[in-house]
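The values are calculated or read from the model by the stated rules, or taken from the named source; none is laboratory data. Please read these numbers as outputs of a predicted model, since none were measured by experiment. When we count neighbours, we look across all protein chains shown, and the Cβ atoms used for this are built from the backbone with ideal geometry, even at glycine.
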Protein chains: 2
Amino acid sequence: MFNNILIIGLGLIGGSILQGIIDNRLADNLYAIDFDKSVIDNAIDDKLITNGDNELLTLARTDVLKDCECIIIAVPAFAVKNILEQIKTAISHKLLPSDVIISDTASTKGNILKDAFAVFGKLPPNLVLAHPIAGAEKSGFMARNGALFKSHKLIICPHDFNHQNTVDKIATLWQALGASVDFMPADKHDEVLALTSHLPHLLSYALTFQLAKDEESLNIFRYAGGGFRDFSRISASSPIMWHDIFLANKQAVLKGLDNYQTILNQLKSAIENDNSDDLLETFEIAKNAREHFGRLLVEKEKLKNSS
Amino acid sequence: MFNNILIIGLGLIGGSILQGIIDNRLADNLYAIDFDKSVIDNAIDDKLITNGDNELLTLARTDVLKDCECIIIAVPAFAVKNILEQIKTAISHKLLPSDVIISDTASTKGNILKDAFAVFGKLPPNLVLAHPIAGAEKSGFMARNGALFKSHKLIICPHDFNHQNTVDKIATLWQALGASVDFMPADKHDEVLALTSHLPHLLSYALTFQLAKDEESLNIFRYAGGGFRDFSRISASSPIMWHDIFLANKQAVLKGLDNYQTILNQLKSAIENDNSDDLLETFEIAKNAREHFGRLLVEKEKLKNSS
């Protein structure tokens, strides 16, 4: 599919993309950058990559990236801008082709568009924003899994200046990794993710924090059952990563949170006033929606196991 | 342990108590009441119970309950008061011994104390409130499991007029069913359960409702990942049962919700103002608490498998 691909960031996502490209023979040469030089050294020793470094410009100055066709940036959202600046410098020094396709994996998109505009002074036609909706309990390169994206959604957020063939190439790459590719504008993506991912994390963090700060302290957890177990699982997620996401997707998160608080106040008032009808109607709608979602999950699982 | 036990309500909990008593040979004769006569008829046919009916007073008039030593009420919280009234009538007609031990399984306790006081004009010394912190995905008598309570917490809420030996007998019964028995006052119980069980359900219902009402309707669920899956699982719980619980435990739920809303507003303001320190500190405390809770769960699981 590509002769030369560069992956920046070999965490769980970057590592799984690398492994998936290898497993599916989607590139001739793979290069990688990771701030942890030992990860790069091991990947070279294991013949997973042709070459790599902990600094993009250091690697680029060896001229190995002159024919690079595609860069996938798989670093935390807040680190993307700095990477884009380095890519711009490398292109201006002809260490990278000026038409190299640049893609990412960040879970927020509006901020990446803003960063790209700030760095390049425009939205590059060859910058294709992508977000794989996949993850795992464990993180890091050692937890990589070439089949991580299989039957998972991959959202591409085309922008107004994108070249269609560039978007197609990134879509084809992800399809080859097993993902189911959908398209939506960046602002829509950020709203959907705020509701389905970012808000649940914030609400779960808040309740677990409340229990932890209770005067009975952690003893109270002894009486918690399966409902709390499931509800609070995401409270164990990385504080620094989620801090970054909430600030990166601030507008959409705050808008979703406003609507949530309105609903919560309505439920509170229904409880205060013994308004049985309102409570029952809300719970019924939620139960039906959750059961619909449960059926989607079962379908997805079947798809994953059958292919 | 007892010669004669009467169980009122043969749902998942009542059925599992019945099965556990049989499996552990804790009573000579078992009697049961359930509003569904076919459940009673089948239980008699299967020789699980000596006798039963769908009406307590009808069964009591056959004189089989004259030596009954213990009644366990395993019906929804809102139906307990009516059962207590029937028990009072049966005692006054000498169809039940006046010193019969009465216990329950309701997940809220302050309201049961209030109901008992309203029915008996005092808190009966032989009324012992108990709440098994256990459940299962499925409900109903057919889903019963004699080991359901094994290694689960069972909270007894003694009241000021309880006879200690009566409390001890109920504690011994539950320990024989495998439960780990703790004691706390009813108001403390209701506060703890509001935080660890009732509030998570309310918060989960609210977010699933919000997504279901979004203009993109249910399509939005296609982009939801594992975080939302776990967070929203309890939104599929029984609307009528949870409606009952929120109204039965109104004061404690509203108090917990007030505190939760304060925390949520602090997080909201931290996001609005890019207050990284506050966000990170809150998330760190929550993450540590959730990991502590995770370790408790692992310990419990070990205990369950080893004994």
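Does B:S204 satisfy the condition of being at the interface with another protein chain (Cβ under 7 Å from one of its Cβ atoms), in contact with a Ser or Thr (Cβ under 8 Å, 6 or more places away or on another chain) and of a type in the set (S, T, N, Q)?
Values: at the interface with another protein chain (Cβ under 7 Å from one of its Cβ atoms): yes; in contact with a Ser or Thr (Cβ under 8 Å, 6 or more places away or on another chain): yes; of a type in the set (S, T, N, Q): yes.
Considered against the rule, which asks whether it is at the interface with another protein chain (Cβ under 7 Å from one of its Cβ atoms), in contact with a Ser or Thr (Cβ under 8 Å, 6 or more places away or on another chain) and of a type in the set (S, T, N, Q), B:S204 comes out as yes.
Looking at A:L202, is it outside the structural domain of A:L18 (by TED's automatic domain parsing), within 20 Å of B:K255 (Cβ to Cβ) and out of contact with any His (no Cβ under 9 Å at 6 or more places or on another chain)? Walk me through how you get there before you give the answer.
Details: outside the structural domain of A:L18 (by TED's automatic domain parsing): yes; within 20 Å of B:K255 (Cβ to Cβ): no; out of contact with any His (no Cβ under 9 Å at 6 or more places or on another chain): yes.
So A:L202 does not fit the description; no.
In the range B:257-275, the condition of being β-branched (V, I, T) and at pLDDT below 95 is met by no residue.
What strands (runs of 3 or more DSSP E) lie completely within the range A:5-114 and have 3 or more residues being surrounded by 15 or more Cβ atoms within 10 Å (Cβ to Cβ) and in contact (Cβ under 8 Å) with a residue 24 or more places away in the chain?
Details: elements: A:27-33, A:51-53, A:70-73, A:101-104.
Here the list reads A:27-33, A:70-73, A:101-104.
A Cβ distance below 9 Å, combined with a sequence gap of six or more or placement on separate chains, defines the contacts here; from the range A:209-223, residues that are assigned by TED's automatic domain parsing to the domain that holds A:I234 and buried (at least 16 other Cβ atoms within 10 Å of the Cβ) reach residues that are modelled with pLDDT of 85 or more and part of a loop (DSSP other than H, G, I, E, B) in the pairs A:Y223/B:I133; A:Y223/B:M184. Under the condition of being among the small types (G, A, S) and buried (at least 21 other Cβ atoms within 10 Å of the Cβ), the residues counted in the range A:237-278 number 3.
Among the residues that make up the range A:202-222, is at least one of them within 30 Å of A:F35 (Cα to Cα) and modelled with pLDDT of 95 or more? First the steps, then the outcome.
Just the residues of the range A:202-222 that are within 30 Å of A:F35 (Cα to Cα), to begin with: A:202, A:205.
Checking which are modelled with pLDDT of 95 or more leaves us with A:202, A:205.
Looking for residues that are within 30 Å of A:F35 (Cα to Cα) and modelled with pLDDT of 95 or more, one finds at least one in the range A:202-222, hence yes.
When the residues of the range A:150-171 are filtered to those that are among the β-branched types (V, I, T) and either more than 16 Å from the chain's Cα centre (by Cα) or within 14 Å of chain B (Cβ to nearest Cβ) (or both), the one that is nearest to B:I220 (Cα to Cα) is A:I155.
Residues that are closer than 18 Å to B:D182 by Cβ and out of contact with any Phe, Trp or Tyr (no Cβ under 8 Å at 6 or more places or on another chain) within the range B:114-132 comprise B:V128, B:L129, B:H131, listed in sequence order. Scanning the range A:15-30 for residues that are in contact with a strand residue (DSSP E or B) (Cβ under 6 Å, 6 or more places away or on another chain) and over 18 Å from A:S151 (Cα atoms) gives A:A27, A:D28, A:N29, A:L30. For the range A:175-190, a residue qualifies if it is surrounded by fewer than 23 Cβ atoms within 10 Å (Cβ to Cβ) and in a helix (DSSP H, G or I), and the qualifying residues are A:Q175, A:A176, A:A186, A:D187, A:K188. Look through the range A:270-302, keep the residues that are more than 9 Å from chain B (Cβ to nearest Cβ) and polar (S, T, N, Q), and return whichever of them is nearest to B:K213 (Cα to Cα). Result: A:N275.
So is B:F117 at pLDDT 95 or above and closer than 30 Å to B:H201 by Cα or not? It is true that B:F117 is at pLDDT 95 or above and closer than 30 Å to B:H201 by Cα.
Screening B:A179, B:A147, B:A186 for residues that are in contact with a Lys or Arg (Cβ under 6 Å, 6 or more places away or on another chain), aliphatic (A, V, I, L, M) and away from every other protein chain (no Cβ under 12 Å) leaves exactly one candidate, B:A186.
This table checks each residue for (1) facing chain A (nearest Cβ under 7 Å); (2) free of Cβ contacts under 8 Å to residues at least 12 places away in the same chain; (3) assigned to a helix (DSSP H, G or I).
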position	(1), (2), (3)
B:D230	yes, yes, yes
B:W242	yes, no, yes
B:V253	yes, no, yes
B:G256	no, no, yes
B:K268	yes, yes, yes
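Listed by first and then second residue, the pairs linking a residue in the range A:159-174 that is crowded, with 19+ Cβ neighbours inside 10 Å to a residue that is polar (S, T, N, Q), with Cβ atoms under 7 Å apart and 6 or more places separating them unless they lie on different chains, are A:T166/A:N126; A:I170/A:S103. In this structure, A:N305 does not satisfy being within 9 Å of chain B (Cβ to nearest Cβ), surrounded by fewer than 15 Cβ atoms within 10 Å (Cβ to Cβ), free of Cβ contacts under 8 Å to residues at least 24 places away in the same chain and not charged (D, E, K, R).
In the range A:115-132, which residues are more than 14 Å from chain B (Cβ to nearest Cβ) and not in a loop (DSSP other than H, G, I, E, B)? Can you show your working first?
Within the range A:115-132, the first condition is being more than 14 Å from chain B (Cβ to nearest Cβ), and the residues that meet it are A:115-129.
If the condition is that a residue be more than 14 Å from chain B (Cβ to nearest Cβ) and not in a loop (DSSP other than H, G, I, E, B), then A:D115, A:A116, A:F117, A:A118, A:V119, A:F120, A:L127, A:V128, A:L129 are the ones that fit.
Of all residues in the range B:133-151, at least one satisfies being touching a helix residue (DSSP H, G or I) at 6+ places or on another chain (Cβ under 7 Å), farther than 22 Å from B:T58 by Cβ and not in a loop (DSSP other than H, G, I, E, B).
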